[in-house]
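Comments concern the structure below.
The values are calculated or read from the model by the stated rules, or taken from the named source; none is laboratory data. Note that the structure is predicted; figures quoted are calculated from it, not measured. Positions of Cβ are backbone-derived with ideal geometry, glycine not excepted, and every protein chain shown enters the neighbour counts.
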Amino acid sequence: MPHRWRRRWPWLAWAGLAFCVLAEAALASSEIADPGAFLEQTERVRTTDHPRFVLMLEQMRSEAPELTANQRWYLRYLEAWQTAFEGDAPKANTMLRDVIDHSGDITLRAKASALLMHNQGLSSHYEEAFTLANQLATDLPEIKDRLARFTVLANLSQLMVFAGQTDLAIKYASMMEETLPPGESLCNPLSMEIGALDKSNRLTSSSPKLQEAIDTCLAAGQPVFANTLRLIKSALYRMEGQPAKALELLNSILPSISANRYYPHVRSVQVQLALAYEKLGEDNNARKAALAVLAMSGPGEISEVQRETYSLLYRIEKKRGNLNATLGYYEQYTAQDKGYLDDISARSLAYAAVQQHVLAQKLETEGLSKQNSILRLQQALDTKAVETSRLYITLLLVVLVSIFFWLLRIKRSQLRFKMLSHHDGLTGIFNHQHFVSEAERTLRMLEKRHGSACLISIDLDHFKQINDTHGHATGDVVLKHTVALCQRQLRPTDLFGRLGGEEFGILLPDCTLDQGMAIADRIRTAIEGTPVNGDGCLVAFSASIGLASTDTSGYELQRLRKDADAALYRAKRTGRNRVMSDAESQGLVKA
């Protein structure tokens with residue numbers, strides 16, 4: 001689900017407490033006549049009425065008559081779900097493995113495996129999570145229970161968002177809509193789809209799909225999913241320069257988050273409040289919310305939540321001139337930033353490793369099948385020719401294997417040389433020649449369907465001074481850090497290349513001028529606000545950015561580059577560390 005973390009933790013109001021007491025009394029007064037039906041009813045209210053779910057679990061433990069073996073495993077699974085909901089993933093995973101290994105129920109095993117997969121992904125056990133995902137995807141046709149299939153698809157969609165496979169996540173969300181169980185709404189599938197769109201930067205605060213999902217979840221009585229979607233919307237408000245709207249939305253959902261006590265929401269709302277307060281200049285409130293996040297965090301935790309929190313505290317203390325606190329928070333931030341980037345790499349590597357393992361197993365199975373075919377042919381041969389035939393077959397296999405490995409090595413070499421010829425050796429993004437080629441191809445396609453695009457030209461300010469003062473090794477660190485900052489703001493379809501030295505180019509397909517300016521300014525802000533540690537000291541740097549749009553410059557790359565460069569030079573001349581567009585340049589000419 002893979003990003004935007006923000007939340008707060010006020011406790012339940014007296015009215016909520018009174019409701020729980022009344023609900024407990026009502027439940028206590030009713031006897032459990034049918035434990036199986038009662039367990040199904042308990043599972044159905046997990047997310048629609050979580051306080052009631054907790055009370056029903058307790059009533060099941062204390063008042064239920066003797067349960068069958070299958071009902072005991074069902075109760076065990078629901079207890080594991082609640083344990084994971086409260087944030088104790090290790091304990092929940094032990095309970096889930098017990099259900100998977102010993103229940104003997106295919107439906108319970110599927111549900112428990114899906115939840116275990118989700119927990120493993122959240123706790124950075126990526127290889128185990130992706131291995132379980134492949135197994136569940138293989139077992140899907142055998143899962144006949146609609147609710148179990150629905151649950152498996154939901155967790156698969158979430159994990160694919162986490163792995164960065166957003167198109168696959170959207171596909172699983174669509175499959176959820178097709179297999180909707182009785183009594184379920186479209187809230188869950190829409191939430192999964194919104195999570196994937198948000199991860200791939202394809203949402204704005206005004207996206208109709210986002211509001212449709214929020215309305216659907218509220219109408220279905222699904223506060224946990226609705227809060228997830230509203231937290232996404234508040235983050236979009238803030239990133240679009242509307243912190244007041246973000247704060248208003250966060251304050252409106254605080255009672256619901258407090259009532260449900262979903263741990264990721266409790267922390268996320270605090271981070272979002274802190275960032276919104278900072279945007280509004282309320283540093284004291286921002287600092288208070290950020291410290292509340294740290295108070296809820298585990299020792300040694302590495303996460304995007306921690307990274308955002310330390311970054312915010314560093315900026316506040318730097319503004320106040322508290323040198324010791326600034327350095328302390330900056331050290332924590334750099335450790336979190338490195339850990340976060342390492343975690344993203346670990347996810348990608350684990351996903352690739354599991355996919356390669358699955359491919360190897362498939363090839364092994366196919367190889368065994370072919371070998372069996374050869375054996376059947378051998379048995380049909382004349383008895384007197386068996387030894388000779390075996391010799392020929394062995395020789396043939398040796399030759400084929402040799403040819404196969406030879407071709408494999410050639411193919412790998414070709415792919416490696418192709419990659420090296422297309423990518424910049426230092427930063428790993430497109431080199432000048434390949435960027436130009438891909439950009440021209442993309443522009444031709446956009447012209448055919450009358451799409452729009454923006455070309456961004458980036459030049460680091462005073463980069464020669466960085467090399468002269470700190471050395472070329474630090475200069476290389478600055479370039480790679482700049483690329484990492486830019487990539488966090490880009491979509492999978494955007495083209496990113498190094499044009500030479502400290503100059504970079506970005507083509508944004510299907511992007512209007514206003515959207516391009518917003519992305520360019522986010523890149524500029526990220527570069528300005530994120531110094532690097534060079535040779536024991538902080539190296540702050542900035543970038544000047546020029547932007548040209550097909551709406552004003554047409555679809556010829558040469559013209560777009562000329563207009564973007566002209567805007568870039570204007571940004572340089574007017575003080576650096578700013579974004580200028582070709583439209584502004586043309587406006588000056590007319591004036």
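If you check every pair at least six apart or on different chains, which have Cβ atoms under 8 Å apart with a residue in region 433-445 that is crowded, with 17+ Cβ neighbours inside 10 Å first and a residue that is part of a helix (DSSP H, G or I) and β-branched (Val, Ile, Thr) second? From residues that are crowded, with 17+ Cβ neighbours inside 10 Å, the pairs are Leu443/Thr550. Taking the listed residues Arg449, Arg488, the one that is at pLDDT below 95 and under 26 Å from the mean Cα position of the chain (by Cα) is Arg488, with no other qualifying. For region 257-287, enumerate the residues that are of a type outside the set (A, V, I, L, M), under 22 Å from Met239 (Cβ atoms), over 23 Å from the mean Cα position of the chain (by Cα) and assigned to a helix (DSSP H, G or I). Of everything in region 257-287, those that are of a type outside the set (A, V, I, L, M), under 22 Å from Met239 (Cβ atoms), over 23 Å from the mean Cα position of the chain (by Cα) and assigned to a helix (DSSP H, G or I) turn out to be Tyr277, Glu278, Lys279, Asp283, Asn285, Arg287. The residues in region 90-123 that are assigned to a helix (DSSP H, G or I), over 18 Å from Ala137 (Cβ atoms) and either outside the structural domain of Pro141 (by TED's automatic domain parsing) or modelled with pLDDT of 85 or more (or both) can be counted, and the count is 13.
What number of residues within region 124-149 are of a type in the set (D, E, K, R), assigned to a helix (DSSP H, G or I) and over 24 Å from the mean Cα position of the chain (by Cα)? Looking only at that region, the number is 3.
Would it be correct to say that Gly367 is of a type outside the set (Ser, Thr, Tyr), more than 25 Å from the chain's Cα centre (by Cα) and at pLDDT below 85? Spelling it out, Gly367 is indeed of a type outside the set (Ser, Thr, Tyr), more than 25 Å from the chain's Cα centre (by Cα) and at pLDDT below 85. Is region 159-167 home to any residue that is under 17 Å from the mean Cα position of the chain (by Cα) and surrounded by fewer than 15 Cβ atoms within 10 Å (Cβ to Cβ)? Yes, there is a match, as at least one residue in region 159-167 is under 17 Å from the mean Cα position of the chain (by Cα) and surrounded by fewer than 15 Cβ atoms within 10 Å (Cβ to Cβ). Within region 506-559, restricting attention to residues that are at pLDDT below 90 and out of contact with any His (no Cβ under 7 Å at 6 or more places or on another chain), the residue that is surrounded by the most Cβ atoms within 10 Å (Cβ to Cβ) is Asn533. Step by step: first the residues of region 263-297, then only those that are under 21 Å from Trp81 (Cα atoms) and touching a strand residue (DSSP E or B) at 6+ places or on another chain (Cβ under 9 Å), then the one that is surrounded by the most Cβ atoms within 10 Å (Cβ to Cβ). Which residue is that? Restricting to residues being under 21 Å from Trp81 (Cα atoms) and touching a strand residue (DSSP E or B) at 6+ places or on another chain (Cβ under 9 Å), the top hit is Ser268. Within region 43-98, restricting attention to residues that are among the acidic types (Asp, Glu) and out of contact with any helix residue (DSSP H, G or I) (no Cβ under 7 Å at 6 or more places or on another chain), the residue that is farthest from Pro223 (Cα to Cα) is Glu66.
Considering (1) among the small types (Gly, Ala, Ser); (2) farther than 24 Å from Ala259 by Cα; (3) buried (at least 22 other Cβ atoms within 10 Å of the Cβ), the lone condition that Ala235 does not fulfil carries the number (2). Within region 113-124, residues that are more than 15 Å from Glu86 (Cα to Cα) sit with their Cβ atoms under 6 Å from residues that are aromatic (Phe, Trp, Tyr) and at pLDDT below 85, at 6+ positions apart or across chains, in these pairs: Gly121/Phe162.
Residues that are within 30 Å of Gln332 (Cα to Cα) and within 22 Å of the chain's Cα centre (by Cα) do occur in region 529-539, at least one of them.
Please determine whether any residue of region 295-302 is in a helix (DSSP H, G or I), of a type outside the set (A, V, I, L, M) and within 30 Å of Phe53 (Cα to Cα).
Initially, region 295-302 is screened for residues in a helix (DSSP H, G or I), giving 295-296.
Still in the running and of a type outside the set (A, V, I, L, M): none.
Within region 295-302, not a single residue is in a helix (DSSP H, G or I), of a type outside the set (A, V, I, L, M) and within 30 Å of Phe53 (Cα to Cα).
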